[in-house]
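Notes follow the structure.
The values are calculated or read from the model by the stated rules, or taken from the named source; none is laboratory data. Just so it is clear, the model here is predicted, and its values are computed rather than measured. A quick note on method: Cβ atoms are made from the backbone with ideal geometry, for glycine too, and the neighbour counts reach across all protein chains shown. Surface accessibility is based on the protein's heavy atoms, side chains included, excluding ligands, DNA and RNA. Shrake-Rupley method; radii C 1.70, N 1.55, O 1.52, S 1.80 Å.
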Amino acid sequence: MLKAVILIGGPQKGTRFRPLSFEVPKPLFPVAGVPMIQHHIEACAQVPGMQEILLIGFYQPDEALTRFLEAAQQEFHLPVRYLQEFAPLGTGGGLYHFRDQILAGGPEAFFVLNADVCSDFPLSAMLDAHRHQPHPFLLLGTTANRTQSLNYGCIVENPQTHEVLHYVEKPSTFVSDVINCGIYLFSPEALKPLGDVFQRNQQDGQLCLPLGEDSSGLWRGAGTIRLEQDVFSALAGQGQIYVYLTEGIWSQIKSAGSALYASRLYLGQYQLTHPERLAKHTPGGPRIRGNVYIHPTAKVAPSAVLGPNVSIGEGVTVGEGVRLRESIVLHGATLQEHTCVLHSIVGWGSTVGRWARVEGTPNDPNPNDPRAHMDSESLFKDGKLLPAITILGCRVRIPAEVLILNSIVLPHKELSRSFTNQIIL
Amino acid sequence: MKALILVGGYGTRLRPLTLSIPKPLVDFCNKPILLHQVEALAAAGVDHVILAVSYMSQVLEKEMKAQEQRLGIRISLSHEEEPLGTAGPLALARDLLSETADPFFVLNSDVICDFPFQAMVQFHQHHGQEGSILDPSASIGQNCSIGPNVSLGPGVVVEDGVCIRRCTVLRDAHIRSHSWLESCIVGWRCRVGQWVRMENVTVLGEDVIVNDELYLNGASVLPHKSIGESVPEPRIIM
């Protein structure tokens, strides 16, 4: 019997996902047409013996989350429960805090997945590797190029045994080109070292200390455990932590730009896993190029040209002669005639006027480098806004014939002119 | 009466258009600047126009000889081998000018004055196009929005769903569907792709191709160039 835990974080996390995260918790943001964590749940539900899925985080349960949980249970015929932390407990604290719930029923092992990753989730392969040689911790790893590896958790492995010899989270100089995917398989024994860390933190009087070594400088209260620094780094090289390498798709989803990139990866996967989700050109329908998802309730004019990498949400209206490429259009938005939307996210209920052009700049990994991943994405450089995906928040109104280029428009804004390289409050 | 029109110079500030033809022949509301002037002079009683030329003089000569017949006036060329400034050409043409004792007009070729505007106003009213001039051989698709202040030259093709404001589109240019143009000059035989946005005095020289879905902001594009990338900030494309 197996279980899965999905770490969904909370409102303090995911600030790089603003303004999209103002409307919906980031784990529920639609990527390739379905909520981010639905991809995780679908993958977990396919592992034979999966008994229960637990979501751990510190969001206040709201209507969106509750509805999602109900729908997921119905669709996958599995209990899907949300366990809310009383305070942000770090990537490991929630696991330790809810250990009784996780271990209830005596699972052989449990998967732990970060919500904000995009992956093909090779869970069965990880399970096979684990059963072949059980260890407390099995990490899913992938390769990155040397410069980009610095943005991730780096793993030095024994190439024969695949034991993790060293683990460094976001090192300042090159350590390894194997990086941590944020997808793990733990045996019940893994919770003991977590308990040791917890006890140690309690003794150190965590409450009073500002965090010297923590590079993020965040205040940490009692009960917080960081899996990466407190467990993986500490236990590396002691025969407890092993890594399983994958060549499959993988990306972090930290910002709108990476959500678009993840959308593209998942839409590509749909060719194999969910071909029914990909739109096809039909007589009297719009022209489709590459991989496109269109919600069944969306209305798209026949003279529109869509794709590649386009996701169109529920109830969206796409007018005559619209060009839509490398973009996500969220629930209820309207694109009027002759608009051109490229590398953008159009927020829920927004309207883009006739002949307007909404365009962003992609920061995708180098397609010629199979090990390239998204760079660490900051908004500004040298005081100037870096060109990035254009985001229209919820209910934004763009007038006819203007240009919105490399800009972020906050929710409910009605614009009256063109903007370039700006955040519009 | 006679008139001397100073037509020397390379018209460098009207590049890239003047890389293809001399400035006096650049269409202004579908008629070369020079012709606006010569017609106005003929209407004022001039029967002999002398053009003081230097750059691309053969092209000019050919064009203006054709007009001689039509307007019923005599057109001569006085050719500067080297730039003579603004008074030098007068001296060079002295023989022609002193054939009679009458006073003569002297004009700079790039000055537009009241006469052409009056003619244009009458033309607009006649055509009712809100300040737009559409050559009869230009064709416009469905669901377009053309105007105000647009001139489309002979043989221009504008496909469906195109919006054009305050632009000049020269002979035989082709604007593909759903594009949006404001304050631009599109040169002879250019091909502008679908869903292109051009604004802010973008000037395309002769025979320029702009690929689909690009954005041109104040781009000055030299003739025969293919544009494959957006130009988000004003610059010159050689």
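Details
- Probe 1.4 Å, accessible area per residue of segment A:244-328, Å²: 40 Å²
- Percent of Cα pairs in segment A:109-206 per distance bin of 5 Å, from zero to the largest separation: 3, 12, 19, 20, 21, 15, 8, 2, 0.
- Those residues of segment A:163-180 whose amide nitrogen sits under 18 Å from the label point placed on A:Gln238, 7 Å along Cα→Cβ: A:163-169
- Global form of segment B:19-81, assessed from the alpha-carbon gyration tensor, a/c cut-off 1.5: oblate
- Between the Cα long axis of helix A:36-45 and the first principal axis of chain A there is an angle of about 50°, rounded to the nearest 10.
- Considering helices alone, the calculated mean residue ellipticity of chain A at 222 nm is -5500 deg cm²/dmol, with DSSP H runs of length four and up weighted by -39500 (n - 2.57) and normalised per residue.
- Carbon plus sulfur fraction of accessible area for chain A, probe 1.4 Å, in percent: 51 percent
- Centroid-to-centroid separation of segment A:163-206 and segment A:274-288 [C-alpha atoms, Å]: 45 Å
- The Rg/Rh ratio for the protein assembly as shown, using Cα coordinates for both the radius of gyration and the Kirkwood hydrodynamic radius, is 1.17.
- Solvent-accessible area, 1.4 Å probe, carbon plus sulfur percent, for segment B:1-43: 54 percent
- Counting only residues at least eight positions apart within a chain, or on another chain, the lysines with an alpha carbon under 17 Å from that of A:Lys26 are A:Lys13, A:Lys254.
- The order of A:Arg325, B:Arg235 by accessible area, most exposed first and with a 1.4 Å probe, is B:Arg235, A:Arg325.
- Amide H contacts of B:Ser151 (H built 1.01 Å from N, in plane; Pro and chain starts excluded): B:Ile133, B:Cys167, B:Thr168, B:Val169 sit under 5 Å, all sequence-distant by 5 or more or on other chains.
- Alpha-carbon centroid distance for the pair segment A:47-111 / segment B:53-103, whole angstrom: 90 Å
- Where A meets B: accessible area buried, both sides, 1.4 Å probe, Å²: 1400 Å²
- Chain B: angle of helix B:33-43 to the longest principal axis, Cα-based, in degrees nearest 10: 50 degrees
- For segment B:170-238, carbon and sulfur atoms together expose 47% of the accessible surface, with a 1.4 angstrom probe and every protein chain in place.
- Accessible area ranking (1.4 Å probe, heavy atoms, ligands and nucleic acids excluded), largest first, for B:Ile236, B:Ile227: B:Ile236, B:Ile227.
- Within the full protein context, the accessible area of B:Arg166 is estimated at about 140 Å² for a probe radius of 1.4 Å.
- Annotation: peptides A:359-366, B:33-40, ranked by per-residue average of other Cβ atoms within 10 Å with the highest first, follow the order B:33-40, A:359-366.
- Charge dipole of the protein assembly as shown about the Cα centre (unit charges at C-beta), most positive-ward option of A:Met1, A:Ser407, A:Thr334: A:Thr334
- A:Phe58 exposes around 30 Å² of accessible area when a 1.4 Å probe is run over every protein chain in place.
- In loop segments of segment A:381-425 as defined by DSSP, the trypsin sites (Lys or Arg not before Pro) with at most 13 further C-beta atoms inside 10 Å of their C-beta are A:Arg417.
- What you get for the protein assembly as shown, charging only the Cβ of Lys and Arg (+1) and of Asp and Glu (-1), is a dipole of about 540 debye around the Cα centre.
- Computed accessible area, A:Asp128, all protein chains, 1.4 angstrom probe, square angstrom: 100 Å²
- Listed residue pairs exceeding 32 Å between alpha carbons, taken from A:Lys299/A:Lys413; B:Lys2/B:Lys31; A:Lys3/A:Lys413; A:Lys384/B:Lys23: A:Lys3/A:Lys413; A:Lys384/B:Lys23
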